[in-house]
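Please treat every number below as a calculation from the coordinates, not as lab data. Nothing here was measured: the structure is a model prediction, and the numbers come from that model. Cβ sites come from the backbone with ideal geometry, for glycine too, and all protein chains shown count toward neighbours.
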């Protein structure tokens, strides 16, 4: 193998209660999922979950591994994370950092780290069929660990297993330190590219929902010249974009300016939603092509399948609109 290996579509976790027994546990890092590929000469490529090339977006991660050990190629699965002053993942910082052509000032102000939690290929050895525990041993052999990074850009966070520590204890630690949640992975599990698998189970401490932006309403008073709220949707099992509410909180001034520019380029005359938007929402709406994907935090869902108390977390350039689906909710009342 002389060049850069092919990207591997990521395995995806399912939501659920955390199991006990022959499982490993990892903290959730609140970043962008990314496949890092390195050639024997150290040339690096970064590929997002939806197949986009992120190498130019995060140039500081190029050459993260240098030349792989022994001049070997490697493919890693992990997340791109921005850390705040307390050393914790900060999704808002990552939003600020995600620019197509980041300048030297932004690179210095908001550096990112690649958190590697799986290895899928090393040299000519494809490791997809190897059990999780074996893959993690190979990953540890690359020479990075939880406390030391290669040029400050690569970290291999630990995993936890064994009868002496349980998932609820770890979940409590995650909550105490403001982390996103916990992942459970079967110790004997192979890696299943592109599949949402019950071999990986996630438990989030914050309820989040990916959303498609289908329109916006202008603001009032200090936000009169910008976005007041975004109108949100998600796809039902038949692939129709359903209206699920609007969000008007959680935005920074910079985020509002960025979103307004993006929305202007997507303007359309009619609603993209398959169902009717309530009159009070549609009356002042500016409709847009449903191409922008974002994420909101929310309290719960209402009986008529609307988000309750959503707050904007940021855009998700690592997602495609077609991926955004409604959760499995009870049927709405007649």
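Which residue fluctuates the most in the chain, going by a Gaussian network model with Cα springs under 10 Å, if the choices are 78, 166, 219?
The residue that fluctuates most here is 219.
Indicate the gyration tensor shape class of the range 258-299 (rounded, prolate or oblate), computed on the Cα atoms with a ≥ b ≥ c the square roots of the eigenvalues: a/c under 1.5 is rounded; otherwise a/b larger than b/c is prolate and the rest oblate.
Numbers: a/c = 1.70, a/b = 1.07, b/c = 1.59.
Oblate is the answer for the range 258-299, as a/c is 1.5 or above yet b/c matches or exceeds a/b.
With the chain treated as a Gaussian network of Cα nodes joined by springs under 10 Å, which of 73, 285, 22 yields the largest mean-square fluctuation?
Per the Cα network of the chain with a 10 Å cutoff, 22 tops the list.
With label points built 7 Å along Cα→Cβ from the Cα atoms of residue 264 and residue 123, find their separation and express it in nm.
The answer from the label model is 5.6 nm.
How would you rank 123, 53, going from fewest to most other Cβ atoms within 10 Å of each one's own Cβ? It would help to have the intermediate numbers written out before the result.
Details: 123 15, 53 11.
Ascending Cβ contact count within 10 Å gives the list 53, 123.
Mind running the shape call on the range 26-171? Use the C-alpha gyration tensor, a ≥ b ≥ c as the square roots of the eigenvalues: rounded below 1.5 for a/c, prolate if a/b tops b/c, oblate otherwise. Don't skip to the answer; put the middle values down first.
Working: a/c = 1.86, a/b = 1.13, b/c = 1.64.
Oblate, since a/c reaches 1.5 and b/c is not below a/b.
Classify the range 208-323 as rounded, prolate or oblate, taking a ≥ b ≥ c as the square roots of the eigenvalues of its Cα gyration tensor: rounded when a/c is under 1.5, otherwise prolate if a/b is larger than b/c and oblate if not. Show your work: numbers first, answer last.
Details: a/c = 1.29, a/b = 1.24, b/c = 1.04.
Taking the square roots of the gyration eigenvalues as a ≥ b ≥ c, the range 208-323 is rounded.
Got a sec? How would 64, 55, 300 order by Cβ neighbour count within 10 Å, fewest to most? Kindly include the intermediate steps, with their values, before the conclusion.
On the way: 64 23, 55 15, 300 8.
If I rank by nearby Cβ atoms, fewest first, I get 300, 55, 64.
Using helices alone, I'd like the mean residue ellipticity at 222 nm for the chain: each DSSP H run of four-plus residues gives -39500 (n - 2.57), total over residue count, nearest 500. Each step should come with its number before you reach the end.
Details: 6 runs with 48 residues, N = 334.
Taking each H run of at least 4 residues, the total per residue is -4000 deg cm²/dmol.
In the Gaussian network model of the chain, springs joining C-alpha atoms below 10 Å, which of 104, 89, 321 carries the largest mean-square fluctuation?
Checking each option, the largest mean-square fluctuation is seen for 104.
For Rg/Rh (Cα atoms, Kirkwood Rh), pick the label among [x] 0.95; [y] 0.98; [z] 0.93 that corresponds to the value derived from the coordinates.
It is the value labelled [y].
Sort 222-229, 277-284 by packing, meaning the average of other beta carbons within 10 Å per residue, with the highest value first. Could the numbers behind the result be given before it?
On the way: 222-229: 14.5, 277-284: 12.5.
Per-residue Cβ counts within 10 Å, averaged per peptide and sorted highest first, yield 222-229, 277-284.
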